[in-house]
Amino acid sequence: MLEANLMDKVVALCKRRGFIFQSSEIYGGLNGAWDYGPLGAELKRNVKEAWWQAVVHQRNDVVGLDAAILMHPRTWEASGHVGNFADMLVECKKCNKRLRQDLLIKGKCPQCGNTSFSEPRPFNLMLKTNIGAMEDSSSVAYLRPETAQGIFVNFANVLDATHRKLPFGIAQIGKSFRNEITPGNFTFRTREFEQMEIEYFCRPAEAGQWYQEWIKARHDWYLNLGMRTANLRLREHDKDELAHYAAGCTDIEYLFPFGWSELEGVANRGDYDLKQHAQFSGKELHYHDQMTQEKFYPHVIEPSGGCDRATLAFLVDAYHEEPVKDDTRVVMKFHPKLAPIKAAVLPLLKKNDGIVELAKKIKTGLQKDFFCVYDDTAAIGKLYRRQDEVGTALCITVDVQSLEDRQVTVRDRDTMQQERILLDRLDGYVKDKIKK
Ligand code: ATP
């Protein structure tokens, strides 16, 4: 269900509670760039960790990589980005705003409502820079517009180092940059963002099957992290949307308050990328099958997602308002794995030294494994609300009774149910709840 002001509420909460700030805000901000605050940094790390766990550590057929952002400029000639990585740009004839033609709504300028535009022209999205002391054409470099090419150029290195047999994949997370014509919708479309990409290499005859398996695996990943089924859908690209070399592409889309939009694309790319790099570099990039002595270019399935977009979708999906007594509580129902704070330890009476000491001791113990906080700056009702609003999975309250019976009250964020737990069992209890 689309709720018009949901986005405004999420944006306000992100600022208020330290999830996301405008970049360089004190100077008026920089369009298309955002900073993650203390809780946003935790959330985004958790998203990346959950991705890495699912696609690298919990599989037997994918290895990780962390390639440089700066690459040899020939990379981008081979990949086609220098020639073709462009959006069609139009300029409003009335107010001169520059806009992406395919994102115009009903052919109108969003700034002044005018409907006449200049002839569309291609606008290359790569951000250029110069490397070294000379600023001429020989020193031109690009900030990578995708992490994928770092994987393709390392295909032979990884193969030599790991002796992998097909099928196998290489995964990486990293920053990418695009000079988007119209960044917007908060962190959905930015000029600097982080991608989470996999290139999965397989035998040509098996590409169709792996394409389907990766669509399912990636769709399931969002669902397993608690995203609501009704807010996710798969959209297969029409033939005329596909790159000339691609055999198929399916987007995983999320129902944002501004409409269905792409979170991740899964593409069946054939052997285009390795062939291009072999041709441009003059290097051997075939896969050599030791059994059959066959040499061929593997085909590639590419699940390519955006970390910032996934984080934004998890934020929107988690946002709930619930009536409680005469009030409304705002609660971020993050999956416990994603919740920035796993547990908050709260003393019921901050004037009681014994309670404070025990609460701090509990926090010190738990923080070896989980990110926890201690808070004694308000009454308990207010402390609960504060933690609900940032999605803290559990609140652990220490009271006078705790000093005698060595038990604490643990409150579940979603159900608000409270349980008395023995201190000796607390660590295991929290672990079970967080890992569910
Ligand atoms: P769009 O059509 O929205 O511009 P795209 O199809 O060009 O996206 P890809 O090139 O397939 O995007 O990039 C893979 C993923 O990287 C996207 O699914 C998205 O999650 C993320 N991504 C791409 N561009 C941006 C951006 N400008 N800001 C944030 N994330 C982005």
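A few comments on the model shown:
- Every Cα-Cα pair in segment 1-82 was counted, and those over 16 Å apart are 72% of them.
- Part-to-part distance (alpha-carbon centres) for segment 317-379 and segment 38-52, which is given in Å: 19
- Each principal axis of the Cα atoms in the chain has its own extent, and those three values, largest first, are 75, 66, 48 angstrom.
- Global form of segment 196-266, assessed from the alpha-carbon gyration tensor, a/c cut-off 1.5: oblate
- In degrees, nearest ten, helix 207-224 long axis to first principal axis of the chain (Cα): 20
- Helix 423-435 and the long axis of the chain differ in direction by around 30°, with both axes built from C-alpha atoms.
- Extension gain, Q418 to E404, is 3.2 nm, computed as 0.36 nm per intervening residue step minus the present C-alpha separation.
- Ordering of 114-125, 285-296 by packing [mean C-beta count within 10 Å, highest first]: 114-125, 285-296
- Segment 341-434 shape via C-alpha gyration tensor axes, a/c threshold 1.5: rounded
- Sorting V356, V300, V410 from the fewest to the most surrounding beta carbons within 10 angstrom yields V356, V410, V300.
- Going from the residue with the fewest nearby Cβ atoms within 10 Å to the one with the most, R385, R309 rank R385, R309.
- Bridge type composition, the chain - antiparallel percent by DSSP, nearest 5: 85
- Rounded, prolate or oblate (a/c below 1.5 giving rounded, otherwise prolate when a/b exceeds b/c) for segment 120-213 by Cα gyration tensor: oblate
- Burial order of peptide ranges 243-255, 60-72, 177-189 (average beta-carbon count within 10 Å, highest first): 177-189, 243-255, 60-72
- Scoring 310-318, 233-241 by mean Cβ neighbours within 10 Å over their residues and listing the highest first yields 310-318, 233-241.
- Charge dipole of the chain (Cα centre as origin; +1 on each Lys and Arg Cβ, -1 on each Asp and Glu Cβ, all else neutral): 820 debye, rounded to the nearest 20.
- 0 to 90° range, to nearest 10: angle between helix 307-318 axis and the chain longest Cα axis: 40
- Estimated from the Cβ-Cβ distance and a Förster radius of 25 angstrom, the FRET efficiency linking N224 and R425 is about 0.40.
- Length released on extending from A247 to I69, taking residue separation times 0.36 nm less the Cα-Cα span: 61.3 nm
- By the Cβ rule of 4.7 Å, the chain holds the following cysteines without a possible disulfide partner: C14, C202, C249, C307, C372, C395.
No value in this document is a laboratory result; all are computed from the given coordinates. The model shown is predicted, which means the values in this text are computed figures rather than measured ones. FYI the Cβ positions are ideal-geometry reconstructions off the backbone, even for glycines, and counts take in every protein chain you see.
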